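> My structure is below; once you've seen it, I'll send some questions.
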Amino acid sequence: MRNKIVAGNWKMNKTRTEAEALAQGIVDGLAGKNIPDSVKVLMCPPAPYLWQVQQIANGHPAVFVGGQNCHQASSGAYTGEIAAPMLTALGITYVLVGHSERRAYFGEGHDILKAKVDAVIAEGLQAVFCCGEELAIREAGEQEGVVKTQLTESLFHLSAEQFTQVVIAYEPVWAIGTGKTASPEQAEAMHAFIRQLVKEKYGAEIADQTTILYGGSVKPANAAALFTQPNVDGGLIGGASLKVETFVPVIEEMCRQMA
Ligand code: 13P
């Protein structure tokens, strides 16, 4: 059975003290709860807190830590950047690649993201590859073509073996931070489309094993409807991941469904 993941992307939020309290609150909130083996929890804090949050995550076997970004080179004169091996050295196991905010504000296009995917895979990390269309594309009905291009250009050069280190996160840009969620039907339609693309490229077995997350205004009130969709394997959550009282209930919903 493929993994289910409830991931929090903290983006550029929290003081050090707040980050520590949030991570500890999540670990404490899950203590003693029955977390099915297939359910993983991921916290993606700002880079300066990764070490500290990893230490806290070590307190729960189902909780993992991810970076929000990394550079494509393994070292070098890239002032301000973070290399994938530096994340590995902290015990980090996942990295977000291609978040729409990286694409929009930092000019990360298909080729850079392809190189970042390669860097992450080479380091033995899991790449959480984000894809998704903007509102105008959705309104024009062209979302499948855009997502297909994102996957084809930056992911589908991987070998089948490498692809097992990939998690896909579908995040329609119009649903991020807007309070406007894709309907469960919209999410399911795109996830089924993505799984079909993976199947055509890598075969049925790998497609069946690939975890595909939905992101965009996921919260306790809509988690059940989204997570019951057959091709939605969890969430990549921004705003609601910043508070224990809104993040832990989303994890609990996934656990209930998998119990
Ligand atoms: P929100 O949950 O705040 O919409 O953010 C989604 C997101 O961008 C996660 O990466």
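> For the chain, give the percent of accessible area contributed by carbon and sulfur heavy atoms, probe 1.4 Å, rounded to a whole number.
Values: 5790 of 11040 Å².
For the chain, the apolar C and S fraction of the accessible surface comes to 52 percent.
> Another question, if that's okay. What dipole magnitude, in Debye to the nearest 20, does segment 149-259 give about its Cα centre under +1 on Lys/Arg Cβ and -1 on Asp/Glu Cβ? Numbers along the way, then the final one.
Values: 7 positive and 12 negative charges, 50 e Å.
Dipole about the Cα centre, nearest 20: 240 debye.
> Along the charge dipole of segment 151-259, which of LEU236, THR246, SER154 sits closest to the positive end, that is, farthest toward it, with unit charges on the beta carbon of Lys, Arg, Asp and Glu (+1, +1, -1, -1)?
Selected residue: THR246.
> Shape call for segment 135-259 from the C-alpha gyration tensor, a ≥ b ≥ c root eigenvalues: rounded (a/c under 1.5), prolate (a/b greater than b/c) or oblate?
Because a/c hits 1.5 or more and a/b fails to exceed b/c, segment 135-259 counts as oblate.
> Could you pull out the pairs from LYS14/LYS199; LYS199/LYS243; LYS4/LYS201 whose alpha carbons sit more than 29 Å apart here?
Values: LYS14/LYS199 39 Å; LYS199/LYS243 37 Å; LYS4/LYS201 22 Å.
Distance filter (> 29 Å) returns LYS14/LYS199; LYS199/LYS243.
> Compute the signed sum of charges (Lys and Arg +1, Asp and Glu -1) over the other residues within less than 12 Å, Cβ to Cβ, of MET190. Please list the in-between numbers first.
Working: positive: ARG138, LYS148, ARG195; negative: GLU133, GLU144, GLU171, GLU185, GLU188.
Net of charged neighbours comes to -2.
> Work through the residues other than GLU253 whose Cβ is under 14 Å from its Cβ and net out their charges, Lys, Arg +1 and Asp, Glu -1.
Working: positive: LYS4, LYS33, LYS219, ARG256; negative: ASP233, GLU245, GLU252.
Charge balance in the 14 Å sphere: +1.
> With only Lys, Arg, Asp and Glu charged, each at its Cβ (+1 for the first two, -1 for the last two), find how big the charge dipole of segment 1-62 is about the Cα centre; round to the nearest 20 debye.
The calculation lands at about 220 debye.
> Here is a follow-up. Just to be sure I follow the definition: excluding the sites themselves, where is the longest run in the chain that has none of the chymotrypsin sites (Phe, Trp or Tyr not before Pro) in a DSSP loop with at most 14 other Cβ atoms within 10 Å?
Details: sites that count: TYR78, PHE106.
That would be 107-259.
> Classify the chain as rounded, prolate or oblate, taking a ≥ b ≥ c as the square roots of the eigenvalues of its Cα gyration tensor: rounded when a/c is under 1.5, otherwise prolate if a/b is larger than b/c and oblate if not.
rounded
> Another one. Test of understanding: what is the full-extension gain from LYS33 to GLU144, defined as 0.36 nm times their sequence separation minus their Cα-Cα distance?
36.1 nm
> Another question about this same structure. Which GluC sites (Glu not before Pro) from segment 88-138 combine a DSSP loop assignment with at most 14 other Cβ atoms within 10 Å? Kindly include the intermediate steps, with their values, before the conclusion.
Numbers: sites: GLU101, GLU108, GLU123, GLU133, GLU134; in loops: GLU108, GLU123, GLU133, GLU134.
Loop-located and lightly packed - none at all.
> Below 10 angstrom from the Cβ of GLN143, what's the summed charge of the other residues (Lys, Arg +1; Asp, Glu -1)?
-3
> Could you report the chain's accessible area per residue, 1.4 Å probe, as an integer in Å²?
About 43 Å² of surface per residue is accessible.
> Right, another one. Taking a cut-off of 20 Å between Cα atoms, list the aspartates and glutamates near LYS11, but don't count ones fewer than 8 places away on the same chain.
GLU20, GLU81, GLU101, GLU108, GLU133, GLU134, GLU171, GLU245
> Taking amide H atoms as placed 1.01 Å from N in the peptide plane, list the residues 5 or more away in sequence, or in a different chain, whose amide H sits under 5 Å from that of LEU42.
When sequence neighbours closer than 5 places are left aside, the close amide H contacts are VAL6, ALA7, GLY8, PHE64.
The values are calculated or read from the model by the stated rules, or taken from the named source; none is laboratory data. What you are looking at is a predicted structure, and each value in this text was computed from that prediction instead of being measured. Please note: Cβ atoms are built from the backbone with ideal geometry, for glycine as well, and neighbour counts cover all protein chains shown. Ligands, DNA and RNA are stripped out before the accessible areas are found, and what is left, the full protein with its side chains, is counted by its heavy atoms. Shrake-Rupley method; radii C 1.70, N 1.55, O 1.52, S 1.80 Å.
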